[in-house]
1. With every protein chain kept in the model, how would you rank Asp262, Asp231 by accessible area, 1.4 Å probe, largest at the top?
2. So what is the 222 nm mean residue ellipticity for the chain from helices alone, if each DSSP H run of at least 4 adds -39500 (n - 2.57) and you divide by all residues, rounding to the nearest 500 deg cm²/dmol?
3. Starting from the residue with the highest accessible area, list Lys426, Lys413 in decreasing order, probe 1.4 Å.
4. Short version: what are the Cα gyration tensor semi-axes of segment 87-150, square root of 5 times each eigenvalue, largest first, in whole Å?
5. How many angstrom lie between the Cα centre of segment 40-113 and the Cα centre of segment 447-503?
6. From the phi angles alone, apply the Karplus equation (6.51, -1.76, 1.60; θ = phi - 60°) to segment 274-289 and give each ³J(HN,Hα) in whole Hz, x where the residue is Gly or Pro.
7. Any idea what diffusion coefficient the chain gets from Stokes-Einstein, in µm²/s, Kirkwood Rh on alpha carbon pairs, 25 °C, 0.890 mPa s?
8. I want the local charge near Ser312. Using Cβ-Cβ distances under 10 Å, sum +1 for each Lys or Arg and -1 for each Asp or Glu among the other residues.
Amino acid sequence: MTNQNLYTVFQQRFPADPEAVFLQGDRRTVKYAAVDEESGRFLAVLKACGVVPGDRVFMQVEKSAEAVLLYLACLRAGAVFVPLNTGYTGSEIEYFLSNTRPKVFVCRPDDARSIAQLAGRAGVDKVLSLGVDGDGTLMAAARRVQPDRSVAACDAGDLAAILYTSGTTGRSKGAMLTHDNLLSNGLVLHEYWQWEPGDVLLHALPIFHVHGLFVALHCALLNGSRIIFHDTFDANRVLQDLPNATVLMGVPTFYVRLLELDGFGRDASANVRLFISGSAPLLAETFTAFEARAGQPILERYGMTEAGMMTSNPYSGPRVPGTVGFALPGVAARVADDAGQEVERGTVGVLEVRGPNVFAGYWEMPEKTADEFRDDGFFITGDLATMDADGRVTIVGRAKDLVISGGYNVYPKEVEEQLDLMPGVKESCVIGVPDRDLGEAVTAIVVPDGTAEVSLGVAQAFLVEKLAKFKQPKSLIVVDELPRNTMGKVQKKSLREQFGAAS
Ligand code: MCA
Ligand code: AMP
């Protein structure tokens, strides 16, 4: 049996040219010829820490070429890579530690002390640090070891990564992704988006979520492409580098911000053959304005942590604004009613999918996993959609209570639970209101109990240690009471209507 480790497929596609560039980062450039050796040093350090196949490795570090090489080292070790949003706070990390119990935690140098304390309490004693300037204990150890040349033998169903995703119950769940989930999706996208020799990817997404870590990196790796690697998204810097790139992947906010720049237009985009958007709905007005300015339409696709990419507008055929295109090859999609029965074409239902892209379940949560699958293996996305006679899918809303802010998911329940603990708050409700820049902005609606002052500033200060910044309310509205239906359930729809004017 051949080794099903995803890294072996990347390795086979590394360009033969010794000068071929893999990552052209903000501080350094990594050639493809150096990837085996550099990731091999990290691999040797991981092994010296006792990492064996199946062990979890946490990474919460700033974006850097080294962070990518660490991901590749984890694949090679057969370890399960667990990337954490750099915005997560101590209390969020504490939960992840107790949930998936890593063998090693790689953190930012500045966090080394606090993470060591949290990790120690969870029985995790191997904490390494990795900074953006080649600093930290991981780099120091990597310089001292000989590169390990091995790639662990894996089956297709072995776990490659766990990505945390929140849920309507408030607690995060670890979505288990296998080598085959990642490889099958990468290969399909590579072909569907017609990657070609010479393609250069402009990468300005974070690398702790599916979009930046898997969709973007894997397509480029499978193509042996050069990646212009920006540490953070800055529209001006993207504009500067567009003439050197052929593909850009981003969340809708990227495109909204590019359109705000006078210098953005046909000339700047002339070398780019593909602008891809996903992670949140792309407004039709953004699509139209972009096409008029850039002279080419954005290609919108649709995905989810648990299922990678599921649908995409076509590369060659019409890209229709407001739609997310067709089920990708190998992915079966249906729009179904509450019982999982396909509804008539054009009717709204919940989108369900099945295919090699669909995850292996939530880490140690068999009931939660079972809740989200039908008996015939279809995964229930929780997104409301329609499918036309040709199979084109339009996402029309969400059955799950979710706010997407700048491409980051925020589950209102998690924020409400914290706000309800705040002095002066009787009860709270969190909704997303339309926001020109972020798509939706987290908004808190609070009923005070009169015992303490309640304001946006007070709430943000109260939440600072508890919730990542992107989950915190951008505005706070005080009301006398929350609207409820006869069953006593808060009517979020009516709050959205009342307070949902675009900002
Ligand atoms: C940053 N902040 C945010 C967000 N990002 N607040 C709410 N929502 C956000 N998305 C905070 C910052 O901490 C900062 O706080 C303040 O808001 C202003 O930051 P700003 O400079 O405007 O933000 P930025 O640094 O420019 O970031 C905006 C961004 C970024 C570029 C849109 O959020 C981003 O890269 N989003 C991509 C997310 C992503 O990759 N999603 C994919 C998930 P302060 O000033 O107080 O410090 S994967 C997925 O969804 C599926 C699988 C799929 O289909 O792809
Ligand atoms: P995540 O859990 O972070 O992977 O986010 C997945 C969710 O993002 C999906 O369930 C959708 O609600 C949303 N999403 C991703 N891409 C799109 C898109 N192109 N249009 C609308 N919603 C999207």
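The values are calculated or read from the model by the stated rules, or taken from the named source; none is laboratory data. Bear in mind that the values here come from a model prediction, so they are computed numbers and not experimental data. Backbone-built Cβ (ideal geometry, glycine too); neighbour counts: all protein chains shown. Note: accessible area is taken over every heavy atom of the protein model, side chains too, but ligands, DNA and RNA are not part of it. Shrake-Rupley method; radii C 1.70, N 1.55, O 1.52, S 1.80 Å.
1. Asp262, Asp231
2. -8500 deg cm²/dmol
3. If we order Lys426, Lys413 from most to least accessible, we get Lys426, Lys413.
4. Calculated on Cα positions only, the semi-axes equal 23, 14, 9 Å.
5. Cα centres, segment 40-113 to segment 447-503: 35 Å.
6. Once rounded to whole Hz, the list reads 8, 9, 10, 10, x, 5, 7, x, 8, 5, 4, 5, 5, 4, 5, 5.
7. Result for D is 104 µm²/s.
8. +1
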